[in-house]
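Visitor: Handing you a structure now.
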Amino acid sequence: MDDEEAELRNPFPSPPSHYTNYSSRNLRLLALLRERAPNQSDVNQYEQHDILSDQTDVPDWPLTQLEKPRVDWILEEPDAYYDVFGDRWFVRTLDPSFNFESQSI
């Protein structure tokens with residue numbers, strides 16, 4: 001099979017390889033890490049091995065990579081926007097009936 005056939009059969013790109021890190025086991029380890037180290041905002045991978053020393057199969061990469069990205073920093077900008085595929089989308093809407101803060105994002 002040549003490259004053109006493969007491209008036609010797979011119109012969408014494959015997901016990134018790190019999606020396999022989001023297993024139930026790793027998410028439980030992240031919750032346990034946050035429970036045991038609530039005051040440490042940036043726990044590195046060496047500290048996580050010490051904190052989770054009683055657990056098996058602690059990954060070599062930082063578990064904090066599994067946390068959801070923060071979007072609140074976008075709202076701090078006066079003209080809050082994000083770019084997707086070359087299009088600019090403004091976060092703040094001109095519709096006064098829409099309350100962005102009440103949305104669970």
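Visitor: What FRET efficiency comes out for ASN10 versus ILE74 if R0 is 35 angstrom and r is the Cβ-Cβ distance? Round to the nearest 0.05.
Guide: 0.60
Visitor: Highest mean first, how do 76-88, 22-34 rank when packing is the count of other Cβ atoms within 10 Å averaged over residues?
Guide: Peptide ranking by packing, descending: 22-34, 76-88.
Any read-out appearing in this document is the output of simple, stated calculations on the displayed coordinates, not a laboratory observation. Because the structure is a prediction, the values reported are computed rather than measured. Cβ: placed from backbone, ideal geometry, glycine included. Neighbour counts: every protein chain shown.
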